[in-house]
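Notes follow once the structure below has been shown.
Each reported figure results from applying straightforward, stated rules to the coordinates on display, with no laboratory input. Keep in mind it's a predicted model, so treat the numbers as computed, not measured. For neighbour counting, all protein chains shown are included, and Cβ atoms are generated from backbone atoms with ideal geometry for every residue, glycine included.
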Amino acid sequence: MADKFKLALYWAASCGGCEIAVLDTEEKILDIDANFDIVFWPVAVDFKVKDVEALPDKSITVCLFNGGIRNSENEEMAKLLRKKSVVMVAFGSCAQEGCIPGLANLYSRESIFDYVYHQSPSVDNPDGVTPHPESRVNGYTMTLPVFYERLRPLHHVVDVDYTIPGCPPQSDQVGAVITTLIDILANGKELPPKGTVLGAGEKTCCEECLREREEKKISRFYRPHEIIADPDKCLLDQGVFCMGPATRSGCGGKCVNAGIPCRGCYGPPPNADDPGARIIAAISSVLDAETEEDVNRILDTLADPVGTIYRFGLADSIIPVSLDFNHKGDE
Amino acid sequence: MATEPRIIGFLCNWCSYTGADLAGVAKMKTSPNVRIIRTMCSGRIDPEFILKAFRKGADGVLVSGCHFGDCHYQEGNFKAMRRVAMLKRILARLGISPDRLKMVYISAAEGDLWAKTTFEFTETVRALGPFDRTRLNALYPAGNGENEKTPEKGTGEITANEVHHG
């Protein structure tokens, strides 16, 4: 079966959930195996970077790349896999828009190192050692990847053909994309236009939410544990901060239909560049506020506004970093 | 010579723009630092417009709508006010002084108030100094120009014959 298509999967700055989402496709994993040779997948199979380097350019049919670009190794791997792959897919929220690791863009590299290696309560580092890209040990030079100043989504670094959103992408959607992809490749059909978002809808999460929307004004926000929300009514109407109106559909509304507000993991809907701006526009219609003071009073009940509205999308937003790290912020 | 503050003014069609027009017709002096963009309603001003203004080089953004109760579309100005108030918090956390963004209410008859407001806000922004975009530009060189957001998400087409069929 030397004629199978070739598939590579890689993780950069991510949690590993996207890998699980691929495995969660259950019996579809057999279709993947039947149609693809997996040439690189550090989580699951034992190929090394030198094996990828040895491949001819454009010899990998599809690369599913998850994770953002946080250090020089991530960037190097993204560029290598781009060179070797015909189709590069930003798989999952981190590769698409930075996701949770992107929130670190609110802090400087120095303050992140300081916290992680010195301040964090669980750290035991009596010698105060901090990693350096280059160090000399017994006459040898040891190197580590360079930790960049900020996290970037994959498309800031390499050309990306398709995006599969989600944190992680829902496995039924992943399965459907894989089935479609196999059909396209095996039958020589036309690939979707470049830039297409695969495995997601064209509307907002609200479209898939079964809750009933009313014209209600809210006078405060509740965190999910502070309220027993009516199971049939819109969470936003009840004061639970829900990112639904600013989030692409495709997940099936799993969170909202289970009583948890949408956190926005499917990224901004089509025609929106910035999830934060989109939710501010939407929320303004439901605030019971006649003055700026009213708005501020209501916002005081919202913990960590930036972390809430840019939980997934900060690194790909219009202002993707904090421009002044000396600012104490409001967290 | 110090750089002059660059200010974008988003004005609603029915009250504020007409007010600014009145200032012009009456030959009142207004601040040349304010560049006006007319929208049908202050409620049309998407927070994205304001963020993009800062990203593309504005030192300050002035949003002007009708007085409460006067909105041609009933409550667009309330929405604008809420958006501006929310956005100010976000700007603060992103390291942009919230004082660079201001919401005002100016009627079609208040040309003098518009003129006064432009000078006042110009002075506020001047006192804050130029909005330091150095860090943004250093980190996102591709965003420092026509591409207001990020490098474009891919260009060109992939053709099916690039794929090796098995």
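Numbers at a glance
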{"read-out": "Helix A:72-84 vs. chain A, principal-axis angle (Cα, 0 to 90°, nearest 10)", "value": "60 degrees"}
{"read-out": "Size of electric dipole in the stretch A:205-316: Cβ of Lys, Arg +1 and of Asp, Glu -1, about Cα centre, debye, nearest 20", "value": "420 debye"}
{"read-out": "Chain A, relative contact order [Cα under 8 Å, separation at least 6], %", "value": "18 percent"}
{"read-out": "Cα-based helix-to-principal-axis angle, A:171-186 vs chain A, degrees rounded to 10", "value": "40 degrees"}
{"read-out": "Residues A:Phe147, B:Phe131, A:Phe40, A:Phe91 arranged by fewest to most Cβ contacts within 10 Å", "value": "A:Phe147, B:Phe131, A:Phe40, A:Phe91"}
{"read-out": "Rg(Cα) / (2.2 N^0.38 Å) computed for the stretch B:44-84, rounded to two decimals", "value": "1.26"}
{"read-out": "Cα gyration tensor category, rounded, prolate or oblate, for the stretch A:72-167 with a/c compared to 1.5", "value": "oblate"}
{"read-out": "FRET efficiency for B:Glu123 and A:Ala54, using Cβ-Cβ distance with R0 set to 51 Å, rounded to 0.05", "value": "0.20"}
{"read-out": "Most fluctuating residue given options A:Gly92, A:Gly264, A:Gly16, as computed from a GNM of chain A linking Cα atoms under 10 Å", "value": "A:Gly16"}
{"read-out": "Value at 222 nm in deg cm²/dmol, rounded to 500, when DSSP H runs of n ≥ 4 in the protein assembly as shown each add -39,500 (n - 2.57)", "value": "-8500 deg cm²/dmol"}
{"read-out": "Fewest-first sequence of A:Ser317, A:Ser93, A:Ser285, A:Ser122 by Cβ atoms within 10 Å of each Cβ", "value": "A:Ser122, A:Ser285, A:Ser317, A:Ser93"}
{"read-out": "10 Å beta-carbon shell around A:Asp237, net charge (K/R +1, D/E -1)", "value": "+1"}
{"read-out": "Descending semi-axes in Å of the protein assembly as shown, equivalent ellipsoid built from Cα gyration tensor", "value": "44, 27, 23"}
{"read-out": "Per-residue Cβ neighbour rank within 10 angstrom, fewest leading, B:Met103, A:Met243, A:Met142", "value": "A:Met142, B:Met103, A:Met243"}
{"read-out": "Gyration tensor (Cα) of the stretch B:1-120, equivalent ellipsoid semi-axes in angstrom", "value": "22, 19, 10"}
{"read-out": "Counting all C-alpha pairs of the stretch A:205-316, share separated by more than 22 Å (%)", "value": "27 percent"}
{"read-out": "For the stretch A:292-299, Karplus couplings with θ = phi - 60° (6.51, -1.76, 1.60), whole Hz, Gly/Pro x", "value": "4, 5, 4, 4, 5, 4, 5, 5"}
{"read-out": "Lys/Arg +1, Asp/Glu -1 at C-beta; chain A dipole; positive extreme among A:Ala282, A:Leu7, A:Val197", "value": "A:Leu7"}
{"read-out": "Estimated distance in nm for a label pair at B:Arg44 and A:Glu290, the labels positioned 7 Å out from Cα along Cα-to-Cβ", "value": "2.8 nm"}
{"read-out": "Relative contact order of the stretch A:95-160, pairs being alpha-carbon contacts under 8 Å that are 6 or more residues apart, as %", "value": "45 percent"}
